[in-house]
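Since the structure comes first, as C-alpha cells, the remarks are kept for the end.
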Amino acid sequence: MYYYDNEKLSWSQRAAQEAEKVASISCSGHGRAYIDGYVNVDGNPICECYSCYGGIDCSLFSSNCSANVEG
C-alpha cells in the first residue's frame with residue numbers, strides 16, 4: 001500500500017525528506033521555517049522571524065525594538 005515500486009518512496013520517507021528540506025532553510029539564527037508554516041507565492045516555506053528581526057532570512061535587526069530582559 002505504501003510502496004508502488006522500488007523507485008518511489010513511501011509516504012514516511014517523503015515526509016522525512018520534506019521535513020529535512022524545510023529544516024535546512026537558513027533563517028540567520030533569528031527565526032525558523034516550519035513545514036506547516038507560512039509559504040511564499042510559489043508555495044515554499046519561508047522564515048518566521050523572532051521578535052526584533054525581519055527580512056526574508058531574518059537577518060535584519062530592528063534597532064528600535066524593545067526586549068523583555070526579565071522573562
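The values are calculated or read from the model by the stated rules, or taken from the named source; none is laboratory data. Please read these numbers as outputs of a predicted model, since none were measured by experiment. Reconstructed Cβ throughout: ideal geometry from the backbone, glycine too, with neighbour counts over all protein chains shown. For the accessible areas, the whole protein counts, side chains as well, though only heavy atoms, and no ligand, DNA or RNA atoms are used. Shrake-Rupley method; radii C 1.70, N 1.55, O 1.52, S 1.80 Å.
By a 1.4 Å probe calculation restricted to protein chains, residue 14 has an accessible surface near 100 Å², given to the nearest 10. Computed from the Cβ-Cβ distance with R0 of 30 Å, the FRET efficiency linking residue 23 to residue 65 stands at 0.70. From the residues 40, 16, 53, which one has its Cα farthest along the dipole of region 15-61 in the positive direction, the dipole being from +1 and -1 charges on Cβ of Lys/Arg and Asp/Glu about the Cα centre? Of the listed residues, the answer is 53.
For residue 33, the residues whose modelled amide H falls within less than 5 Å of its own, excluding neighbours fewer than 5 places apart on the same chain, are 48.
Remark: accessible surface ordering of 22, 39 (largest first) is 39, 22, probe radius 1.4 Å.
Each 10 Å bin, from zero up to the one with the longest distance, holds this percent of the alpha carbon pairs of region 15-61: 31, 53, 15, 1.
Looking at region 7-58, the chymotrypsin sites (Phe, Trp or Tyr not before Pro) that sit in a DSSP loop and have at most 11 other Cβ atoms within 10 Å of their own Cβ are 38. For region 15-61, with all protein chains in place and a probe radius of 1.4 Å, 53% of the accessible heavy-atom surface sits on carbon or sulfur. Spin-label pair residue 36-residue 56: with each label point 7 Å from Cα along the Cα-Cβ axis, the two points sit 2.8 nm from one another. Here residue 18 sits with roughly 100 square angstrom of accessible surface, probe radius 1.4 Å. At a probe radius of 1.4 angstrom, the accessible area of region 15-61 per residue rounds to 72 square angstrom.
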